[in-house]
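Laboratory data are not the source of any read-out in this text; all were calculated from the coordinates shown. Just so it is clear, the structure is predicted and the values come from calculations on it, not from any experiment. Please note: Cβ atoms are built from the backbone with ideal geometry, for glycine as well, and neighbour counts cover all protein chains shown.
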Amino acid sequence: MSELNQEALKEVDDLFRRMVRKFVKERDKISVEGVALPGLMILHKIVRDGEQKLSDLAEQLIFTSGAITAICDKLEKRGFAVRRRAEGDRRAVLLDITGEGRAMIERQSNIGSCSMNLLFAGFGHLELEIQKEIYRTLVRNLEGFSEKILALAKENENRPSPPRENAPGRREEPAKPDRFLTY
């Protein structure tokens, strides 16, 4: 790949990671009636689709089982949801919304659309269509990402390090810092 493309990739990578960090930082500041945004996502899903298995929620909303448990603990503590064991499979735990949870979701029903409008303000229809394709491609590119990087790192362990050229009595020049954070 040419140097120009490498520089462009580094800049896109840097901007992407900054965007993700900023989004997570801003998202984590939000608590609506004592419920963080991931908790609202869970309650909205239950309102839309009915009682849910915790394992299904974790998979569909891309949360770890530990994160789902912690969020459900908070939802139950606030009186917005209730867990119970499935009758046919005692290992499965189901989550349902309470009347108080439904009332809160109704009161706060404009939060989701406001979030999307704020996040994507200033983009036209064509730009949103392009973003959808970009995000679909990124999601596809992330399939097997960790396995590929770990395999490369393992392969690199067996590669000899390049020799360092440093004449006796001569100070080594510090490497030119990269503008972008690299891995």
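Figures for the structure shown
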read-out	value
Per-residue ³J(HN,Hα) for the range 7-22, Karplus 6.51 cos²θ - 1.76 cosθ + 1.60, θ = phi - 60°, Hz, x for Gly and Pro	5, 5, 4, 4, 5, 5, 4, 4, 5, 4, 5, 5, 4, 4, 4, 5
Val93, Val20, Val35 arranged by Cβ crowding within 10 Å, fewest neighbours leading	Val20, Val93, Val35
Helix-only mean residue ellipticity at 222 nm for the chain, each DSSP H run of n ≥ 4 adding -39500 (n - 2.57), per residue, nearest 500	-19000 deg cm²/dmol
Where Cα atoms sit under 22 Å apart: lysine pairs in the range 1-148 separated by 8 or more or lying on different chains	14
Mean Cβ count within 10 Å, highest first, over the residues of peptides 124-134, 5-15	5-15, 124-134
GNM result for the chain, Cα springs below 10 Å: residue of Ala70, Ala36, Ala81 fluctuating most strongly	Ala70
The chain: angle of helix 145-157 to the longest principal axis, Cα-based, in degrees nearest 10	30
Peptides ranked, highest mean first, by Cβ atoms within 10 Å: ranges 95-102, 43-50	95-102, 43-50
